[in-house]
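A short worksheet on the structure shown next.
The values are calculated or read from the model by the stated rules, or taken from the named source; none is laboratory data. Here the structure is a predicted model, which means the values were calculated and not measured. Neighbour counts run over all protein chains shown; Cβ positions are idealised from the backbone, glycine included.
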Ligand code: NAD
């Protein structure tokens, strides 16, 4: 039988990801600071423990899915962190989207304890997390990739090795910068079309058979009522929070500054999402930029 896997961070993404590990026969030992998030998994038979250190005491393979860099530092190197109790030879996989420099720091700290840390951020959203079809972008020692892939393939359709630790984050940050630009572009395009008298469903259908098609138009349309099963039909609840997208755009800006790379549209996208956070959209799905643009019309 399969040995237990630790899972820390059972939010919008962590919950369905951990469920897929259980589905594949892995006993899961989980922890989250917010006890309410653990309920569903506990009902499915997962063991719930108080702290990341408790999880590391029991499981020698651990996946973390946390909001941002400070949470990851806390969960690995904090007073009740994984590294307080980690077993030698443990494999620690962080699927959060964070600063690649923090991934490198965590890898060095883990190595000091005789453990291996890899970054493996994901793309695909809650839908893909639920259906086990995420894309994982993995950074770290290549000889550990096979062991990581065994677990990640239970939750994803694509598991791609990117290079040394931090390169998974690099790929993810680039993807999300493009995603944000595409989402804002889709939202403003749909809004203009509606203003020109087009039915939004018809306009989406035409875009999706034309050269403007993108993931935000055909899989995650921001206009309420155009598609089923997306946050826009659920008052932008669930999904990928605006505050998290803002974080990713900030990471893209930092890395662009460090490498002296022009990212003009990425910078504008960052400012738009920052404004949204300040205007009450922080915890809504990032496709709510459509709603934000509607309100900006000042009608
Ligand atoms: P979320 O906020 O829904 O979930 C994060 C969970 O971590 C919460 O349950 C929170 O209570 C828990 N947590 C925070 N600090 C903790 C700590 N110190 N110890 C234990 N648990 C802690 O976020 P999410 O949407 O699941 O996203 C997680 C990560 O994945 C983020 O980095 C995000 O950018 C990335 N991501 C999200 C999506 C998406 O569509 N939601 C897609 C791809 C990548």
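Restricting to segment 146-160, what's the tally of residues that are surrounded by 18 or more Cβ atoms within 10 Å (Cβ to Cβ) and within 15 Å of residue 117 (Cβ to Cβ)?
Residues in segment 146-160 being surrounded by 18 or more Cβ atoms within 10 Å (Cβ to Cβ) and within 15 Å of residue 117 (Cβ to Cβ): 3 in total.
Collect the residues in segment 121-148 that are over 18 Å from the mean Cα position of the chain (by Cα) and in a helix (DSSP H, G or I), keeping them in residue-number order. Even if it seems obvious, please write down each step before you answer.
Taking segment 121-148 first, the residues over 18 Å from the mean Cα position of the chain (by Cα) are 140-147.
Residues satisfying the conditions are 142, 143, 144, 145, 146, 147.
Look at residue 60 and say whether it is farther than 26 Å from residue 123 by Cβ, more than 15 Å from the ligand (Cβ to nearest atom), outside the structural domain of residue 247 (by TED's automatic domain parsing) and surrounded by fewer than 22 Cβ atoms within 10 Å (Cβ to Cβ). Step through it out loud before you land on a result.
Numbers: farther than 26 Å from residue 123 by Cβ: yes; more than 15 Å from the ligand (Cβ to nearest atom): yes; outside the structural domain of residue 247 (by TED's automatic domain parsing): yes; surrounded by fewer than 22 Cβ atoms within 10 Å (Cβ to Cβ): yes.
The answer is yes for residue 60.
Within segment 241-262, does at least one residue satisfy the condition of being modelled with pLDDT of 95 or more, surrounded by 14 or more Cβ atoms within 10 Å (Cβ to Cβ), part of a loop (DSSP other than H, G, I, E, B) and touching a helix residue (DSSP H, G or I) at 6+ places or on another chain (Cβ under 6 Å)?
Checked against the condition, which is being modelled with pLDDT of 95 or more, surrounded by 14 or more Cβ atoms within 10 Å (Cβ to Cβ), part of a loop (DSSP other than H, G, I, E, B) and touching a helix residue (DSSP H, G or I) at 6+ places or on another chain (Cβ under 6 Å), segment 241-262 yields no hits at all.
Please find, within segment 69-120, the residue that is nearest to the ligand (Cβ to nearest atom) out of those that are part of a strand (DSSP E or B) and surrounded by 24 or more Cβ atoms within 10 Å (Cβ to Cβ). If you could, list the steps in order and put the result at the bottom.
Of segment 69-120, the ones part of a strand (DSSP E or B) are 91-94, 116-119.
Right, trim to surrounded by 24 or more Cβ atoms within 10 Å (Cβ to Cβ) and you get 92-94, 117-119.
Details: 92: 14, 93: 13, 94: 9, 117: 16, 118: 15, 119: 11 Å.
My answer is 94.
Considering only segment 17-36, state which residues are surrounded by fewer than 19 Cβ atoms within 10 Å (Cβ to Cβ) and within 11 Å of the ligand (Cβ to nearest atom).
Matches in segment 17-36: 33, 34, 35, 36.
Taking the residues in segment 1-16 that are in a loop (DSSP other than H, G, I, E, B) and in contact (Cβ under 8 Å) with a residue 40 or more places away in the chain as candidates, determine which candidate is surrounded by the most Cβ atoms within 10 Å (Cβ to Cβ). Walk me through it before giving the result.
Residues of segment 1-16 that are in a loop (DSSP other than H, G, I, E, B), as a first pass: 1-4, 9-13.
So of that shortlist, the ones also in contact (Cβ under 8 Å) with a residue 40 or more places away in the chain come out as 3-4, 9-13.
Values: 3: 9, 4: 19, 9: 27, 10: 29, 11: 18, 12: 18, 13: 25.
Top of the filtered list is 10.
Can you name every residue in segment 19-55 that is closer than 21 Å to residue 87 by Cα and in contact with a helix residue (DSSP H, G or I) (Cβ under 6 Å, 6 or more places away or on another chain)?
Passing the criteria: 28, 29, 30, 31, 32, 48, 49, 52, 53.
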